[in-house]
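First the structure, in the form of structure tokens, and then the observations on it.
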Amino acid sequence: MKIYIPSIKIKNINENLLEPFLCKESMVRYIISQEGILQIQREKLLKINIIDQPIERAKINAIDIIIDRSTWVIEGEWQQVSPFHIKEIISTYTYRLRNDAIVEFIIEKQNGSISDCYFSIRETNKNNNINDDILTFLFHLKLC
């Protein structure tokens, strides 16, 4: 599950403030064509199917949030690519407050610039720890 905070302006994110919480960096390569979305993993082309869910709007304290429960599912291996396609390379930076945290703050970059940011929640049960972790990240980013 992803949680977006519409009030966060990407240009206002100071990544240096998050540096102590960085736990993982990765790179994902996509090919987008009329046939759909392919992800390149270990030199294999994997067809991605997006299972879209309606978004939910809620609040954490007085902060508006958008909850997206949509999932990306690997449909299977693909053998060829249409000559008419777009390549996307996304660098992903994952931040955690603690090793066992269920809340992660994700920053995605394309061409060295932040293109997206959101909170990723590994559990679907909403509890106070999730809210506290999100508010703590926002405090460290000096966004609340």
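The values are calculated or read from the model by the stated rules, or taken from the named source; none is laboratory data. Everything numeric in this text was worked out from a predicted model, so none of it was measured. Positions of Cβ are backbone-derived with ideal geometry, glycine not excepted, and every protein chain shown enters the neighbour counts.
Observations
- Elements of type strands (runs of 3 or more DSSP E) contained in the stretch 2-45, each with 3 or more residues being under 27 Å from residue 100 (Cα atoms): 2-4, 22-33
Quick grid of which residues meet (1) loosely packed, with under 11 Cβ neighbours inside 10 Å; (2) out of contact with any strand residue (DSSP E or B) (no Cβ under 7 Å at 6 or more places or on another chain):
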site	(1), (2)
60	no, yes
69	no, yes
83	yes, yes
92	no, no
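- Scanning the stretch 20-46 for residues that are closer than 15 Å to residue 104 by Cβ and out of contact with any Phe, Trp or Tyr (no Cβ under 7 Å at 6 or more places or on another chain) turns up 20, 24, 26.
- In the set 56, 43, only one residue is at pLDDT below 90, acidic (Asp, Glu), exposed (fewer than 14 other Cβ atoms within 10 Å of the Cβ) and farther than 14 Å from residue 92 by Cβ; that residue is 43.
- Looking only at the stretch 18-36, and only at residues there that are more than 18 Å from residue 91 (Cβ to Cβ) and not acidic (Asp, Glu), the one that is surrounded by the fewest Cβ atoms within 10 Å (Cβ to Cβ): 34
- With respect to being loosely packed, with under 15 Cβ neighbours inside 10 Å and in contact with a strand residue (DSSP E or B) (Cβ under 6 Å, 6 or more places away or on another chain), residue 131 falls outside the description.
- Total residues in the stretch 37-65, condition among the hydrophobic types (A, V, I, L, M, F, W, C), touching a Leu at 6+ places or on another chain (Cβ under 9 Å) and more than 17 Å from residue 80 (Cα to Cα): 2
- Listing of strands (runs of 3 or more DSSP E) fully contained in the stretch 60-144 that carry 2 or more residues being at pLDDT 90 or above and over 16 Å from the mean Cα position of the chain (by Cα): 63-68, 71-78, 85-95
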